[in-house]
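What follows is calculated from the coordinates using simple rules that are stated; it is not laboratory data. Just so it is clear, the model here is predicted, and its values are computed rather than measured. Quick reminder, even Gly has a Cβ in these numbers, built from the backbone with ideal geometry, and neighbours come from all protein chains shown.
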Amino acid sequence: MKKNIDRSVLILNKCWIPINTTTAKHSFCLMYSDHAKGLLVEDDRILPLEWREWISLKVSENDDVVKTINGAIKIPNVIVLNYNDTIPKQVVKFTQKNLWERDNYTCQYTGRILNKKTGNIDHVIPKSQGGKSSWENCVLAHKEINSRKADKTPEQAGLKLIKKPTAPRVMPVSFYIRNKDEIKDWNVFLNI
């Protein structure tokens, strides 16, 4: 038996759509206060269990548990909220990592695949000409192309963008939930 009270637990809204993650400790609070049920995922069946049912589950050696004076309680991998049916949306922050993902690691002038050694970020309208660091003004470029472009616009440098840079769409938060700990039960809900 393992104890990991701060381990991540996937939260589903009442329509069983992933909306967030939380700690095991918080998931117990939600279950105890009747705001959520723990989901027991076994083979090809999924059972939503209320708190009193959850605490009476048998615990195996491979389960993450919390030890109490009444015995060990299995930590749920997934909980489903009883009352919330919203699907929160998230605006994608403008960061270097997100810009690389938006541009699919591809030079926006040549279409060549880039890595951190061969590519960098280009301001379409250079900062020296009033260009801002934003989704609509930054693209990935091969270092040679960006060096040749210098502080010119693409037109001034004789370059053409493959596509106009835009901010990524606002997406449901479930799009950004990652199963970093590779919890098998999450895959059922994250469509992995």
Check: Along its principal axes, what span do the Cα atoms of the range 1-98 show, with the longest given first and each in whole Å?
Finding: 48, 29, 28
Next item on the list: Could you work out the Kirkwood radius for the range 52-100, taking every pair of different alpha carbons, averaging 1/r and inverting it, reported in Å?
Entry: 14.8
Next item on the list: Show which lysines lie in cross-link reach of LYS160 when reach means a straight Cα distance below 27 angstrom and same-chain residues fewer than eight apart are skipped.
Entry: LYS93, LYS97, LYS116, LYS117, LYS127, LYS132, LYS143, LYS149, LYS152
Notebook entry, point to check: Could you give the nm distance between label points at VAL66 and GLN90, where each point is 7 Å from its Cα heading toward the beta carbon?
Noted result: 2.4
Margin query: Using a Cα-Cα cut-off of under 21 Å, which lysines could be cross-linked to LYS37, ignoring same-chain neighbours fewer than 8 residues away?
Written below: LYS3, LYS14, LYS25, LYS58, LYS67, LYS74, LYS184
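What does the highest-first list of 95-103, 61-69 look like by mean Cβ count within 10 Å? Present the calculation step by step, with values, prior to reporting the outcome.
On the way: 95-103: 14.3, 61-69: 11.8.
Per-residue Cβ counts within 10 Å, averaged per peptide and sorted highest first, yield 95-103, 61-69.
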Notebook entry, point to check: Once you have the alpha carbon radius of gyration of the range 1-43, what is it after dividing by 2.2 N^0.38 Å, with N set to its residue count?
Noted result: 1.18
Notebook entry, point to check: Once label points are set 7 Å from the Cα along Cα→Cβ at both LYS116 and GLU136, what is their separation, rounded to one decimal in nm?
Noted result: 3.1
Margin query: I need the calculated FRET efficiency for the pair SER56 and LYS127, taking r as the beta carbon distance and R₀ as 45 Å, to the nearest 0.05.
Written below: 0.10
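Equivalent-ellipsoid semi-axes (√(5λ), Cα gyration tensor) for the range 96-149, whole Å, largest first? Walk me through the numbers on the way to the answer.
Values: eigenvalues 59, 34, 13 Å².
Ellipsoid semi-axes (Å, largest first): 17, 13, 8.
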Note to self: Would you report the distance distribution of C-alpha pairs in the range 38-175 as whole percents per 10 angstrom bin, up to the bin with the largest distance?
What the structure shows: 10, 28, 16, 12, 15, 14, 5, 0
